[in-house]
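Right, one structure below, let's go through it.
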Amino acid sequence: MTEATPASLAACRRADAADPLAYCRDRFQLPQDTVYLDGNSLGALPRAVPGAVGRGIERAWGHDLIRSWNLHDWIDLPRRCGDLLAPVLGAAPGTVMACDSISINLFKLLNAALQLRPGRRRILATSDQFPSDLYIASGVADWLGPDRAELVRAEPDRLTGEIDDGTAVVLLSQVDFRSGALVDLPALTHLAHSRGALVLWDLAHSAGVLPLQLERDGVDLAVGCTYKYLNAGPGAPAWLYVAPAHARAVQPLQGWMGHAAPFDFDPDYRPAAGMERWLTGTPAVLAFLALEAALGVWADVDMQQVRAKSMRLGALFADQVRTRPALATLQLRSPPDPARRGSQLAYAHPEAGALCQALMDAGVIGDFRAPDLLRFGFAPLYLRYEDIWHAVDTLERILTEGSHRQQRFMTRPRVT
Ligand SMILES: *Cc1c(COP(=O)(O)O)cnc(C)c1O
């Protein structure tokens, strides 16, 4: 049963007192006087990370030097982190590898998918995918040439009709990065399979906030990053998932870390038997140490509770924006039903850029997506209902006073 959405500050405080995930907040180092609604872009810092990275630098690198590859098992960090991630994704151990970025992992997996479906050459994606995903897919098509690959961009409402017997792989995000709209992952996976196509899911805005069941749902291939809801820090390694049925697929970025025996220094490439074949070069060890420590946060977390709290935090924000007259100029661009969106809300406003900066100045951090969207993400492990109330109060105050119209909020920063 879903609980009622709090409708007052006192009700928010009661909801916080009864929150089964309240114990998680203390696992993060959060700045005072800040309400952080951008955990969907860069997750907050887990308390375990600075010590783990510091020890990796001082003791391992500083003292044990190159011996650390064996002594501290640096060499297995990509697999170890993959195995820590697997339960969060509903994946079996040994099917997830942490490595590279989403973009690079997409390049590997799209090539693999095309090889797994000989005779089919279409990569099908909707036109609203994250731009980097489309760039990579069109790059793969250019690279392989028209005889072997073609990118087809479907309008979102035309997707299902476009999956045909020429489609090798359907590339989709479960959660739309702008609006947060959620698509039906099990149903689309099933539909693609019924037409002989594979699915490659981008789970950048899903992992760590939605209860995923990659194995049960028959997902073929998936990618995601770890710096959003998984809190592993800026530029943290991404991950990829390959279903056991496709374990023998090969990827084109053949580097020594993907070789069956990297330290044989064999001049000929032979892919590793297991998931190591998806690796390419040397892992970014310091970033992996942060990732490993950040993943420790999830050991005892119930993803159903995460989803329930995520929906309730979002519903609280949306209800308050809808009912306060000063906020009537904000237009909801996310599905109104919390069950049909991920963990974020998007609002269109003609002054969204300046509003975003004025909010940050007042300690409420969201983000701006050109041309006119304000985006707010709700990371259930460290946000309180009270924080949401405070954020809406701040937004209301800024819009009532017009304080976002100051000159200093008018120039768009380089990174938004
Ligand atoms: C954040 C995000 C990415 C980022 O890709 P990188 O190559 O890791 O920078 C890709 N896809 C989606 C849907 C995202 O939200």
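Some points to look at:
- Each of 68, 15, 45 was scored by the projection of its Cα onto the charge dipole of the stretch 1-83, and the greatest displacement toward the positive side belongs to 68; charges sit on the C-beta of Lys, Arg, Asp and Glu.
- Counting Lys and Arg as +1 and Asp and Glu as -1 over every other residue whose Cβ lies under 13 Å from the Cβ of residue 292, the net charge comes to 0.
- Dividing the helix sum by the residues of the chain, where each DSSP H run of 4 or more adds -39500 (n - 2.57), gives a mean residue ellipticity at 222 nm of -10000 deg cm²/dmol.
- A 1.4 Å probe, protein heavy atoms only, puts the accessible area of residue 228 near 20 Å².
- Here the relative contact order of the stretch 296-406, from alpha carbon pairs under 8 Å that lie six or more residues apart, stands at 29 percent.
- Under Karplus coefficients 6.51, -1.76 and 1.60, residue-wise ³J(HN,Hα) of the stretch 200-209 in Hz, glycine/proline x: 10, 9, 8, 10, 3, 9, 10, 4, x, 9
- Rounded to 10°, Cα long-axis angle of helix 185-194 versus longest principal axis of the chain: 40 degrees
- Each of 303, 243, 403 was scored by the projection of its Cα onto the charge dipole of the chain, and the greatest displacement toward the positive side belongs to 403; charges sit on the C-beta of Lys, Arg, Asp and Glu.
- Counting only alpha carbon atoms, the long axis of helix 303-323 and the longest principal axis of the chain meet at about 40°.
- Electrostatic dipole magnitude of the chain [Cβ: Lys, Arg +1; Asp, Glu -1; Cα centre; debye, to 20]: 280 debye
- Average accessible surface area per residue within the stretch 161-313, 1.4 Å rolling probe, Å²: 36 Å²
- Surface share of carbon and sulfur [accessible, 1.4 angstrom probe, percent] for the stretch 292-363: 53 percent
- Placing +1 on the Cβ of every Lys and Arg and -1 on the Cβ of every Asp and Glu, with no other charges, gives the stretch 149-294 a dipole of roughly 240 debye about its Cα centre.
- Contact order normalised by residue count of the stretch 54-99, Cα under 8 Å, 6+ apart, percent: 27 percent
- A cut-off under 13 angstrom between Cβ atoms defines the neighbours of residue 398, and their net charge, with Lys, Arg +1 and Asp, Glu -1, is -2.
- Leading residue at positive end of dipole, the stretch 36-181 (Cβ point charges), from 109, 168, 136: 109
- Most to least packed among 96-106, 39-49 [average Cβ atoms within 10 Å]: 96-106, 39-49
- Over the stretch 149-192, the Kirkwood radius and the radius of gyration, each from Cα atoms, give a ratio Rg/Rh of 0.95.
- Between helix 385-401 and the chain: long-axis angle, C-alpha atoms, 0 to 90°, nearest 10: 60 degrees
- Normalised alpha carbon radius of gyration of the chain [divisor 2.2 N^0.38 Å]: 1.02
- Student exercise, the stretch 25-166 dipole from Lys, Arg, Asp, Glu Cβ charges, in Debye to nearest 20: 500 debye
- Accessible area (Å², per residue) of the stretch 37-128, counting only protein heavy atoms and a probe of 1.4 Å: 42 Å²
- Taking the DSSP bridge list for the chain and keeping only pairs wholly inside it, about 55 percent are antiparallel.
- Accessible-area composition of the stretch 179-233, carbon plus sulfur, in percent [1.4 Å probe]: 53 percent
The values are calculated or read from the model by the stated rules, or taken from the named source; none is laboratory data. Note that the coordinates shown come from a computational prediction; the quantities given were computed from them, not determined experimentally. Glycine gets a Cβ as well: all are built from the backbone with ideal geometry, and neighbour counts include every protein chain shown. Heads up: the accessible areas ignore ligands, DNA and RNA and are worked out on the full protein's heavy atoms, side chains in. Shrake-Rupley method; radii C 1.70, N 1.55, O 1.52, S 1.80 Å.
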